[in-house]
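The structure appears below as structure tokens.
The values are calculated or read from the model by the stated rules, or taken from the named source; none is laboratory data. Computed from a predicted model, the values in this text were never measured in an experiment. Backbone-built Cβ (ideal geometry, glycine too); neighbour counts: all protein chains shown.
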Amino acid sequence: MPTGRTYRTFPLRWLISVLFVNISPVFAQPDSEPQLEAAYLVNFLKYVEWPASQRGSSTICLFGRDTLGPFLSGHEGRVIGGRELRIRRVNSPDDMTSCQLVDIPDVEEARIGAVLRWTSGMPILTTSNADGFAQSGGGIELLRNGGRVQFIVNADTLSRHRLTPSSQMMRLANRVIGGER
């Protein structure tokens, strides 16, 4: 049988454990750059025009070892530009046929060339946070800069993919490769 002292200290122990459980997330540093990158991908769907043949849902495809899935899952099912947003994970060219946007994380840098060949000429916006992605023929490169996210647009690539970025998006770009700003 517990003593009276145990009953008196139980509320104190319970309170301390609750405080530590609830305070620990306050001290954790949120990784806000992936959250921002995920928001950028969703917004790119609003500011890029696809050919009229692209009807139905808007699908963001995350290639390989995706790093943004947890941050995009909350957006799934939302209506973006009049179309329902879907999030898929892909690993091969056959998986990409229904994608409007394919994001290739920098951890998949060795496979970027293959993905760009697979999507060549298709109305698919390619994005990545890998250094030099836009210069290498990718559509939009996401730049992490001191807690901020910026982007480079390769206008020539978007044109070859029959994608039209809005003038507002082009003005917001950190840099535009080819085309007119």
**OP:** Identify the residue in the stretch 51-68 that is without any contact (Cβ under 8 Å) to a residue 40 or more places away in the chain and crowded, with 17+ Cβ neighbours inside 10 Å and, among all such residues, is farthest from the chain's Cα centre (by Cα).
**Re:** Asp66
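Residue-wise test of (1) of a type in the set (Gly, Ala, Ser); (2) not in a helix (DSSP H, G or I).
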site	(1), (2)
Ala52	yes, yes
Asp66	no, yes
Leu72	no, no
Leu85	no, yes
Arg111	no, no
Arg117	no, no
Met122	no, yes
Subject >> Answer from Asp103, Asp95, Asp131 - the residue that is buried (at least 19 other Cβ atoms within 10 Å of the Cβ) and either over 17 Å from the mean Cα position of the chain (by Cα) or not in a helix (DSSP H, G or I) (or both) >> reply: Asp103
**OP:** Please determine, by comparing only the residues of the stretch 152-174 that are touching a residue at least 40 places away in the same chain (Cβ under 8 Å) and within 20 Å of the chain's Cα centre (by Cα), which one is surrounded by the fewest Cβ atoms within 10 Å (Cβ to Cβ).
**Re:** Gln168
Subject >> Output for the stretch 136-160, where each listed residue is among the β-branched types (Val, Ile, Thr) and at pLDDT below 95 >> reply: Val149
